[in-house]
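Structure first, then comments.
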Amino acid sequence: MPLTLSAKYLEGFIAPHELDRVTTQVNAAHKLMHYAKLGTEPGPGSDFLGWVDLPEKYDREEFERVKLAAKKISANSDVVIVIGIGGSYLGARAAIEFVRSPFYNNLKKDTPDIYFSGNNISADYINELISICEGRDVSLIVISKSGTTTEPALAFRIFRDLLTKKYGADGLKDRIYCVTDKARGTLKQLADAEGYESFVIPDDVGGRFSVLTPVGLLPIAIAGIDIDAMMQGAIDAREKYAECDLENNDAYRYAALRNCLYRRGKSIEMLVAYDAAFTQMAEWFKQLFGESEGKDGKGIFPASAIFSTDLHSMGQFIQDGSRNLFETVINIERPNQDLYIESDAENADGLNFLSNQNLSIVNRKAMEGTILAHTAGGVPNIILTLPEKSAYEFGWMVYFFETAVAISGYMSGVNPFDQPGVESYKKNMFALLGKPGYEDLRAELEAKI
Ligand code: PA5
């Protein structure tokens, strides 16, 4: 099984009847998620349920075009800059680090280096990226569903200017690719006017649910990852998580268990893995769960840690601090390549007790010891086991978490598919920067600074 859930370490934290008592909410959430198929009433955000059937209904012709573009980009580029923010970059970055390596850019490889921009407004970050591009062939992928988000729009302006100087206006058609809404938005208009190849983010798939659309597919394919296998993972997961059955549907079970823990006052979830390749996947998870559930004064705060690294920073708090958190542990069963620890005749470091075995066994024992210590310290642990870090696993895991967050959000009565809170900072930023139309707010804010 590509992903299995164990609730073994929840014993003593949740009584069996608690799970039974949220079954009604799980059933109701299932009906909202599958309202079109079941002929039931739609719920809030029902226009954004396109991700549910995406693994079955994705545009095959566009999928092939993504592969062709990836091939062309790989052939003519040393560096690819993926410009996007939030759901428009996190999934691709997560896949590249999870399936290939957190050291992807430093690997010996026949695919381009991939950098991400447009996800911050730091002058140093962009200047350093510009210098990385010096003397190298560069392509841009600009991703924005709305086509109007300030951070990626600004980065695109800067890097398009750079490429214009390097290749001339005529050369840009071979080096700029846009992923955006099919009809609306500035980016779509620009792509059409300038003749840049463009790919579509379907109307009914929100940003943070879009990694299996060209948003994720194009950068992931450029990194040399098998996107057919990735989609197959999602296709199989969709089949597995289609029924409302808490015994056999681990995505629903995960949502229900989180809900029970939340009712017990566990308002922080720490997603934990014992492999740095999961770092960006955890960032993707935090956006997915944070933006989907954190609203109307409700929601579990999503946090993350990589162990054993963070046991030496966050470990004290987890073991011994406020008892308002639970952990979801990602247990990856097999490394891509293990490392055998040889015995040392002198044993000057006293580490021979670790020798004559693979490093992954030491990591496993660290995990087992930590789970026991943390549960003994009052931190419930949910365990999600994955056999390996493959493209197939990635696709499966994406669908698992998307399903879980939709059920979880609907269970707590929020719209899992909007993000109204993200607008507040934008309004203030525009006002303070003097964008036309924000004059009154500017005066109000400046008086407070
Ligand atoms: O989940 C979402 O919709 C958001 O996080 C978006 O992905 C993010 O705000 C970027 O938006 P856009 O793709 O429109 O630039």
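The values are calculated or read from the model by the stated rules, or taken from the named source; none is laboratory data. Fair warning: this is a prediction, and the values are worked out from it, not measured in the lab. As a convention, Cβ positions derive from the backbone with ideal geometry for all residues, glycine included, and neighbour counts pool all protein chains shown. Protein only, heavy atoms only, side chains kept; ligands, DNA and RNA dropped before computing areas. Shrake-Rupley method; radii C 1.70, N 1.55, O 1.52, S 1.80 Å.
The table for this structure:
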read-out: Count - residues of the stretch 127-151 that are in a helix (DSSP H, G or I) and within 16 Å of the ligand (Cβ to nearest atom); value: 2
read-out: Condition check for Met230: in contact (Cβ under 8 Å) with a residue 12 or more places away in the chain, buried (at least 18 other Cβ atoms within 10 Å of the Cβ), farther than 28 Å from Arg175 by Cβ and in contact with a helix residue (DSSP H, G or I) (Cβ under 8 Å, 6 or more places away or on another chain); value: no
read-out: Residue match in the stretch 299-319 (condition: in a helix (DSSP H, G or I), in contact (Cβ under 8 Å) with a residue 24 or more places away in the chain, open to solvent by 50 Å² or more (accessible area, probe 1.4 Å) and within 16 Å of the ligand (Cβ to nearest atom)); value: no
read-out: Residues of the stretch 51-74 that turn out to be within 23 Å of Glu393 (Cβ to Cβ) and touching a residue at least 12 places away in the same chain (Cβ under 8 Å), as a count; value: 11
read-out: Only one of Val211, Val200 that is within 15 Å of the ligand (Cβ to nearest atom), buried (at least 23 other Cβ atoms within 10 Å of the Cβ) and more than 30 Å from Ile371 (Cα to Cα); value: Val211
read-out: Qualifying positions in the stretch 421-442 - within 12 Å of the ligand (Cβ to nearest atom) and either open to solvent by less than 80 Å² (accessible area, probe 1.4 Å) or β-branched (Val, Ile, Thr) (or both); value: Gly421, Val422, Lys426
read-out: Neighbours by Cβ (under 8 Å, 6+ apart or cross-chain): first from the stretch 170-198, assigned to a loop (DSSP other than H, G, I, E, B); second more than 16 Å from the ligand (Cβ to nearest atom) and of a type in the set (A, V, I, L, M); value: Arg175/Val138; Arg175/Leu163; Tyr196/Leu172; Tyr196/Ile176
read-out: Test: Asp349 is surrounded by fewer than 15 Cβ atoms within 10 Å (Cβ to Cβ) and in contact with a helix residue (DSSP H, G or I) (Cβ under 6 Å, 6 or more places away or on another chain); value: no
read-out: Single match in Ser117, Ser77, Ser101, Ser88 (criterion: touching a residue at least 40 places away in the same chain (Cβ under 8 Å), away from the ligand (no atom under 16 Å from the Cβ) and crowded, with 19+ Cβ neighbours inside 10 Å); value: Ser77
